[in-house]
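*Asks:* This is the structure I have questions about; it appears just below.
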Amino acid sequence: MPPILHYATLLSALGLSVVHAMDNGLAITPQMGWNTWNHFGCGISQDIVVDAAKALVANNLTQFGYEYVLMDDCWHADSRDPDTGAPRADPTKFPDGIKGVADQIHALGLKFGIYSDAGMYTCGGKFGSLGFEEIDAKTYAEWEIDYLKYDNCFNEGRSGTPKISFDRYANMSNALNATGRPILFSLCNWGEDGPWNFAPTIANSWRISGDIMDSFDRFDERCPCTSVIDCTYAGFHCAMTRIIDFAAPVLQKARKGAWNDLDIMEVGQGGMNFDEYVTHFTFWSMLKSPLILGMDLTNMSNETLSIITNDAVIALNQDDAGSPANRMWKRDVSDGGNLQLWQGSLVNNTFVIALLNTSPKEQTVEVDFYDAFFDQGKAYQQMSWQLSDLWQKDSQGKWGKNIGTFQGSMKVTIGTHQTKVWRAVPAPSNSTRREEL
Ligand code: GLA
């Protein structure tokens, strides 16, 4: 059986253009940056945004690919300009105006994002853009904005079918394109009406679920759906592993320039432990979500820094094949929680394999290569694979330690709430094989 290739990988192998996305040439790999919302909520100001931008640079995060500084809700004045209808910023919190802030961010070599809402008001109760798409897009372009996150509150009931939602968001997408300035369009309608079906041609990314909560697996009634398919109320306070479950069936809707957005990350916010944040960061990377940091960049622990700068894991996210990993199986365990096996295609016939243990206890599991390489077929299932563990460092201190060559299966012991993630490369023929880690 020939290997089943992801659509984008197949087109690229044929030398064809693979960008069937919003035609702005942006987010060819998932966008990376930082957003104000998870840490600061509505309490933002010019100083908070500029200080975060400086911290991004001071911590060398730009060299890992983080480039967008995203100002979320509540930058607004009480009302639009009464004469022109143009949007304007809170003059006390943003004394230099949005253009002044954009200049400071650009001077640092970074890109700058703004937030608005495809409704009467934003979720924080500020003026929205419904009916003001053209003047807002034009003003953002004048302010030299590089990115728009476009939310869904107070939408006047204009949702309920994909076409209604599509039209409402396409109005802004078209208005942004008409400005002539490349502005990354980040659609945020929490998965309503299945944006993975209608958003790829009008947006660079789309949120798939209600808002993330800084918890590994806490259930919260406010995130009531068990799946994003046919979910009629996305809610919020969705635990991190619930969002992984939500993403699983829609991942293959992503392509270059058009990504599933699993939400701003909570890494470093304090609600999860080290292993849980490693799991969080690994999955957001492997599933090709935008990698948007959400903690206070001016006050980060070394532990947090070590997670968000794992370049071997970031490489999974930015891999040129643009193919999100798939869940090959999910098995409940008697201690509660489950074990999950994931696998994804990377460039040059290499792969990522990951095991997640959401149960409260350490587990030992046999990973069968029949499952890991199910999509690629028999030849791949029977090959020898050289694996590197992406959360261990090699002798030179680089992430990704070669842990040996495996064939058929491997036995893995994995701690509670941990993820093990390996890059798999076809092994040289004379290598010695192992069966256990
Ligand atoms: C919604 C979005 C969040 C954030 C807030 C701002 O809840 O989903 O990501 O932008 O609005 O009010």
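The values are calculated or read from the model by the stated rules, or taken from the named source; none is laboratory data. All values derive from a computational prediction rather than experimental measurement. Ideal geometry is used to build each Cβ from the backbone, glycine not excepted, and the neighbour counts take in all protein chains shown. Ligands, DNA and RNA are excluded from the accessible area calculation, which covers all protein heavy atoms including side chains. Shrake-Rupley method; radii C 1.70, N 1.55, O 1.52, S 1.80 Å.
*Asks:* With θ set to phi - 60°, apply the Karplus curve 6.51 cos²θ - 1.76 cosθ + 1.60 along segment 78-95 and write out the HN-Hα couplings as whole Hz, x wherever there is a Gly or Pro.
*Replies:* 5, 8, 5, 4, x, 7, 9, x, 6, x, 8, 8, 4, x, 7, 6, 10, x
*Asks:* While we're on this one: Can you give me the accessible area per residue for the chain, using a 1.4 Å probe, in Å²?
*Replies:* The answer is 40 Å² per residue.
*Asks:* Given H placed 1.01 Å from N in the peptide plane, which residues other than close sequence neighbours of Ile183 have an amide H under 5 Å from its amide H?
*Replies:* none
*Asks:* Shifting gears a bit: Testing the spin-label approximation: label points 7 Å from Cα along Cα→Cβ at Thr201 and Lys361. State their distance in nm.
*Replies:* Taking the two extended label points, one gets 5.3 nm.
*Asks:* How many nm separate the modelled label positions at Ser306 and Val333, each set 7 Å beyond the Cα in the direction of the Cβ?
*Replies:* 2.3
*Asks:* Okay, moving on. Output the lone cysteines of the chain: those with no second cysteine's C-beta under 4.7 Å from their C-beta.
*Replies:* Flagged as lacking a Cys partner: Cys188.
*Asks:* Please list the non-local residues whose amide H lies under 5 Å from the amide H of Met213, H modeled 1.01 Å from N, same-chain partners needing a gap of 5 or more.
*Replies:* Long-range HN contacts for Met213: Cys238, Ala239, Met240.
*Asks:* Counting DSSP beta bridges in the chain, what percent are antiparallel, to the nearest 5?
*Replies:* Beta bridges within the chain, antiparallel portion: roughly 60 percent.
*Asks:* As I understand it, the dipole of the chain uses +1 on the Cβ of Lys and Arg and -1 on the Cβ of Asp and Glu, about the Cα centre. Which of Gln269, Trp342, Cys225 lies farthest toward its positive end?
*Replies:* In the chain, that residue is Trp342.
*Asks:* Then there's this: Would the chain count as rounded, prolate or oblate if I go by the C-alpha gyration tensor, calling it rounded below 1.5 in a/c and otherwise prolate when a/b exceeds b/c, oblate otherwise?
*Replies:* prolate
*Asks:* What list of ³J(HN,Hα) values in whole Hz, one per residue of segment 69-76 in order, does the Karplus curve 6.51 cos²θ - 1.76 cosθ + 1.60 (θ = phi - 60°) give from phi, with Gly and Pro shown as x?
*Replies:* My calculation for segment 69-76 gives 9, 10, 8, 8, 4, 5, 8, 7 Hz in order.
*Asks:* Report in % the part of the accessible area of the chain that belongs to carbon and sulfur, leaving out ligands and nucleic acids; probe 1.4 Å.
*Replies:* Exposed carbon and sulfur together represent 49 percent of the surface.
*Asks:* Positive end of the dipole of the chain, charges at C-beta (+1 Lys, Arg; -1 Asp, Glu), about the Cα centre: which of Pro249, Ile353, Leu56 has its Cα farthest in that direction?
*Replies:* It is Ile353, whose Cα lies furthest towards the positive end.
*Asks:* Give me a comma-separated list of calculated 3J(HN,Hα) values for segment 159-168, in order, Karplus coefficients 6.51, -1.76, 1.60 applied at θ = phi - 60°, integers in Hz, x for any Gly or Pro.
*Replies:* Working through the residues one at a time gives 8, x, 9, x, 5, 5, 5, 4, 4, 4 Hz.
*Asks:* Please report how far the C-alpha centroid of segment 188-228 lies from that of segment 388-429, rounded to the nearest whole angstrom.
*Replies:* 31
*Asks:* Hey, can you grab everything whose amide H is under 5 Å from the amide H of Lys393? Only 5+ residues off in sequence or another chain; H modelled, so Pro and N-termini drop out.
*Replies:* Gly400
*Asks:* Is the shape of segment 326-426 best called rounded, prolate or oblate, per the rule: a/c under 1.5 gives rounded, else a/b larger than b/c gives prolate, else oblate, with a ≥ b ≥ c the square roots of the Cα gyration tensor eigenvalues? Mind dumping the intermediate values first?
*Replies:* On the way: a/c = 1.98, a/b = 1.21, b/c = 1.63.
Oblate, because a/c is 1.5 or more while a/b does not exceed b/c.
*Asks:* Then there is this: So what is the calculated 222 nm ellipticity per residue for the chain, using -39500 (n - 2.57) for each DSSP H run with n of 4 or more, over all residues, to the nearest 500 deg cm²/dmol?
*Replies:* Value at 222 nm, helices only: -7000 deg cm²/dmol.
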